Amino acid sequence: MDIKTYAALHKEELHRIVEALPRPPKLIIIQANDNPASDSYIRGKLKDADSIGADAELRKFDPSISEEDLLKEIEKANLDPTVDGLIVQLPLPNHISEAKVKLAVDPKKDVDGFHPTTGFAPCTPKGIVDYLTAEGFAFRGKNAVVLGRSNIVGKPMAKMLLAKDCNVTVLHSKTSEEDKRFYIAHADLIVIAIGRLGYLNASYQYKEDAVIVDVGINRGEDGKLHGDAEPGLPVKLQTPVPGGVGLLTRLALMDNLVEAMNK
Ligand code: NAP
């Protein structure tokens, strides 16, 4: 099933779950930047929350807000019993510590899954695993290659695939080109999250029944969004950009929000 249809059906299901709850789940989004990409991601999150019948509120602050004041705002939402989920939109201004902010969010409300003791799965890897599961991908014993080792995508992705019994190889910027070609050629599943437009291309060899999950979001010279993989590679399934992993990430956030209320 294509990702747009999958996301629409899954949101309908969440809407039915939310309707049966005693009150709508409430999400607070804290923003302290003037970043147009963040504005667009937040619009998407507010729209998703609305479409499943949840309450979502944006609390936007001037990027000059002090770290202390931002931490106070986080604490206010942490202590508010009517708030189920709390996320702080990245990036943060340079004078605010991302690490401190991530640790300040109550792990029980941390629907982004960033806190070290959070009970929530990080949204991008969760969204990917849920979609592949719905597509009938049989994880056990499959060779999975993850390109990129960031804390928000690569590392948690590798961990989740390991938990699904895949044989996981993580490749990064220090991996030799020869090794990359070897591991990619033997992969049943390739998840690429490196932020390099069209990095995976037809010069690599792929298994014909391989699955490529393209996490990358890159602005091309044409002004449009492109993935880390060139479209149309010779594999069984390749997720598109846009209209791919971005939608799965948003969906996982809504799943986590509903779960936060149920907890
Ligand atoms: P990141 O923090 O930008 O780090 C990039 C990772 O890629 C690093 O681990 C780096 O290796 C690795 N890398 C860079 N060049 C490489 C190369 N030539 N070969 C192999 N590995 C290479 O990563 P991120 O935050 O996960 O973002 C990655 C991409 O995913 C970006 O385009 C981002 O916009 C996108 N993204 C999309 C979503 C979504 O919902 N669709 C969510 C999050 C991120 P080293 O560790 O060795 O430096």
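The values are calculated or read from the model by the stated rules, or taken from the named source; none is laboratory data. Values in this document were obtained by computation on a predicted structure and should not be read as measured data. Because the Cβ atoms are built from the backbone with ideal geometry, glycine has one as well, and the counts that use them run over all protein chains shown. Accessible surface areas use protein heavy atoms only, side chains included; no ligands, DNA or RNA. Shrake-Rupley method; radii C 1.70, N 1.55, O 1.52, S 1.80 Å.
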Check your understanding: Given Ile194, Ile184, Ile212, which one is within 12 Å of the ligand (Cβ to nearest atom) and open to solvent by less than 10 Å² (accessible area, probe 1.4 Å)?
Key -> Ile184
Point to revise | Sole exception among (1) part of a loop (DSSP other than H, G, I, E, B); (2) in contact with an Asp or Glu (Cβ under 8 Å, 6 or more places away or on another chain); (3) surrounded by 17 or more Cβ atoms within 10 Å (Cβ to Cβ) for Asp110, by number | key: (2)
**Study point:** Count of residues meeting criterion [within 11 Å of the ligand (Cβ to nearest atom) and surrounded by 13 or more Cβ atoms within 10 Å (Cβ to Cβ)] in region 127-157
**Key:** 14
Point to revise | Filter pass, Val170 being open to solvent by 10 Å² or more (accessible area, probe 1.4 Å) and outside any loop (DSSP other than H, G, I, E, B) | key: yes
**Study point:** Residue pairs meeting the criteria (Cβ under 6 Å; at least 6 apart or on separate chains; first closer than 15 Å to Val213 by Cα, in region 169-188; second near the ligand (Cβ under 10 Å from one of its atoms) and open to solvent by less than 30 Å² (accessible area, probe 1.4 Å))
**Key:** Val170/Val146; Leu171/Leu147; Leu171/Lys180
Review point. Can you tell me which residues in region 211-239 are within 21 Å of Lys159 (Cβ to Cβ) and part of a loop (DSSP other than H, G, I, E, B)?
Key: Val215, Gly216, Asp228, Thr239
Exercise for review: Residue by residue through region 200-209, note down the ones that are within 14 Å of the ligand (Cβ to nearest atom) and either surrounded by 19 or more Cβ atoms within 10 Å (Cβ to Cβ) or in a strand (DSSP E or B) (or both).
Suggested key: Leu200
Practice item. Output yes when any residue across region 161-171 is at pLDDT 95 or above and under 26 Å from Met261 (Cβ atoms), and no when none is. Key: yes
Review point. Out of Ile184, Ile212, Ile217, which single residue is more than 20 Å from Leu248 (Cβ to Cβ) and among the β-branched types (Val, Ile, Thr)?
Key: Ile184
Practice item. Considering only residues that are open to solvent by 10 Å² or more (accessible area, probe 1.4 Å) and among the polar types (S, T, N, Q), look in region 241-263 and name the one that is nearest to the ligand (Cβ to nearest atom). Key: Thr249
